[in-house]
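One structure below.
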Amino acid sequence: MLNVSIQKIANVILMSRELGRAEGELRAFIDRLTEEEQADMVALMWVGRGSFEAEEWEEARGTAVAEATTPTADYLIGTPYLSDHLENGLEALGLSASDEEDELMRGG
């Protein structure tokens, strides 16, 4: 289903919570993702904020690919509550990044 790993999503969640000091790192991290991973990240954020339902995943992903006119890092970083939307999107898909977030916080 997802072309981006939960660990990468957890990284974005954690860095977006510390945007004031981690924006450069977050921007570089997103820029290093493949186009498929970036599209999934956008689609996941859309599902999490309620623009699409979990059942509309393929449509959300297709829309993310078709409408990718702004650099993904700019778009995601400019989205208020990005970390919440990503977590909500995962939850809607029956997934969670909490274990990966905990591992990253411990330095893993």
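The values are calculated or read from the model by the stated rules, or taken from the named source; none is laboratory data. None of the values given here were measured: they were computed from a predicted structure. Counting neighbours? That spans all protein chains shown, and the Cβs are built from the backbone with ideal geometry, glycine included. To get the accessible areas, we keep the full protein, side chains included, count just its heavy atoms, and leave off ligands, DNA and RNA. Shrake-Rupley method; radii C 1.70, N 1.55, O 1.52, S 1.80 Å.
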query: Within segment 29-51, can one find any residue that is touching a residue at least 60 places away in the same chain (Cβ under 8 Å) and either open to solvent by 40 Å² or more (accessible area, probe 1.4 Å) or touching a strand residue (DSSP E or B) at 6+ places or on another chain (Cβ under 6 Å) (or both)?
result: no
- prompt: Which numbered condition trips up GLU25, out of (1) in contact with a helix residue (DSSP H, G or I) (Cβ under 7 Å, 6 or more places away or on another chain); (2) touching a residue at least 12 places away in the same chain (Cβ under 8 Å); (3) open to solvent by 50 Å² or more (accessible area, probe 1.4 Å)?
  reply: (2)
message: So THR70 ticks every box in (1) open to solvent by 70 Å² or more (accessible area, probe 1.4 Å); (2) in contact (Cβ under 8 Å) with a residue 24 or more places away in the chain; (3) polar (S, T, N, Q) but one. Which box is left unticked?
response: (2)
statement: Checked segment 32-89 for anything among the aromatic types (Phe, Trp, Tyr) and either on the phi > 0 side of the Ramachandran plot or within 10 Å of the chain's Cα centre (by Cα) (or both); matches are TRP46, TYR81
- prompt: Say we look at segment 52-67 and pick out the residues that are part of a loop (DSSP other than H, G, I, E, B) and open to solvent by 70 Å² or more (accessible area, probe 1.4 Å); which of these is nearest to ILE13 (Cα to Cα)?
  reply: GLU53
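Being of a type in the set (A, V, I, L, M), over 18 Å from GLU53 (Cα atoms), open to solvent by less than 50 Å² (accessible area, probe 1.4 Å) and part of a helix (DSSP H, G or I) is the filter here, so list the residues in segment 80-106 that pass it.
The answer is LEU104, and nothing else.
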task: Run LEU26 past the list (1) farther than 17 Å from ALA97 by Cβ; (2) in a helix (DSSP H, G or I); (3) of a type outside the set (Lys, Arg) and report the number of the one that doesn't hold.
output: (1)
